[in-house]
């Protein structure tokens, strides 16, 4: 006789979830921030030189674990990173796009659309501005 096991749903953290176009559940603000931070850290490390074999995969596993720790999330972090690339392209910042994360063609670029991930967009704009400020302090262009 078969018995069905139903997994208990984990509650979302207290931080406000962002809206999404999918039905798998929202990403929280913390999950977006983790993803954007990992994206820019990976982009900077790749710009400095090739990563050791397996390094990117290891980092993606660490990111997946960190995201899971913040609550249930839909999709894979690498797809979310491709959304980051698409938003950077929409912002006119192709120099910040991380190699290996081709922008997704179907990402919602209209900030006013109800299904747009506004928190992700805001995190990317803040990270890009922070990168620009650090470069300016260092005298970089």
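For the reader, a short list of remarks on this structure follows.
- Residue 130 being in a helix (DSSP H, G or I), under 28 Å from residue 49 (Cα atoms) and at pLDDT below 85: yes
- Candidate set from the range 100-121 (those that are modelled with pLDDT of 65 or more and farther than 28 Å from residue 51 by Cα); member that is nearest to the chain's Cα centre (by Cα): 119
- Flag: residue 48 matches the condition of being more than 26 Å from residue 28 (Cα to Cα), without any contact (Cβ under 8 Å) to a residue 40 or more places away in the chain and surrounded by fewer than 16 Cβ atoms within 10 Å (Cβ to Cβ).
- Qualifying residues in the range 68-91 (those that are over 12 Å from the mean Cα position of the chain (by Cα) and at pLDDT 85 or above) - the one surrounded by the most Cβ atoms within 10 Å (Cβ to Cβ): 89
- Only one of 52, 11 that is modelled with pLDDT under 90, part of a loop (DSSP other than H, G, I, E, B) and farther than 17 Å from residue 123 by Cβ: 11
- Selection status of residue 137, under 16 Å from residue 35 (Cα atoms) and modelled with pLDDT of 80 or more: no
- All positions within the range 68-84 that are touching a residue at least 40 places away in the same chain (Cβ under 8 Å) and under 16 Å from residue 40 (Cα atoms): 77, 80, 81, 84
The values are calculated or read from the model by the stated rules, or taken from the named source; none is laboratory data. The shown structure was predicted, so the numbers you read here are calculated from the model rather than taken from an experiment. Here the Cβ is made from the backbone with ideal geometry for all residues, glycine too, and neighbour counts use every protein chain on show.
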